[in-house]
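Let me begin by presenting the structure, written as structure tokens, before commenting on it.
Since every read-out is calculated from the coordinates, none of them should be taken as a lab result. Given the structure is predicted, the values throughout are model-derived calculations rather than measurements. Neighbour counts run over all protein chains shown; Cβ positions are idealised from the backbone, glycine included.
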Amino acid sequence: MSGDLTSQRLLAVYLLHWQDGTRQAQHYVGITDHSRIDARMREHQAGRGALRTAALASNGRGFALARIFTTYNRELETTLIDQGDAISKLCPVCRGATPLENYRPTKRAAGLLPPLEVERTVYAIHARPGRQP
Ligand SMILES: [Zn+2]
């Protein structure tokens, strides 16, 4: 890693919001190339995004894509993570707004698929039928 915190690539720092109805909302801040935001959400949805989001997805709860910060600055992710629980003040869903997208966990994320079927599912996602060279 270089010490350069700015990137020439357009980035998306995103805020995910989980609500289980009984406790304080849980939040996750992540970063990806801006062009990959949809793919990144599908990874989180499938329990492949990050350890913490995989644990949340395995509880069978969906999540909301609450907010996307478009930036060239990688440091923004750290700045937002450092907010801790105060991140809820920056979360539109906590403030009553409609989320940008809602994602339900896939069967794989919820632990309902046997391993073989999981692999087949992952392959199907990557194979993109009809788009092979
Ligand atoms: Zn929230």
Zone residues, region 67-87, relative to Ala97, backbone N less than 16 Å from point 7 Å out along Cα-to-Cβ: 67-71, 87
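Which of His17, His44, His34 has the fewest other C-beta atoms within 10 Å, and how do the rest follow up to the most? Don't skip to the answer; put the middle values down first.
Working: His17 21, His44 24, His34 16.
Sorted ascending by nearby Cβ count, the order is His34, His17, His44.
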Could you give the length gained on full extension between Gln8 and Ala110, defined as 0.36 nm per residue of separation minus the Cα-Cα distance, in nm? 33.0 nm
Per-residue Cβ contact counts at 10 Å, fewest first, order Phe63, Phe69 as Phe69, Phe63
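Rounded to the nearest 0.05, what FRET efficiency is calculated for Leu90 and His34 with R0 set to 22 Å and r the Cβ-Cβ distance? Intermediate values should be presented prior to the final figure.
Numbers: r = 19 Å, r/R0 = 0.85.
So the FRET efficiency works out to roughly 0.70.
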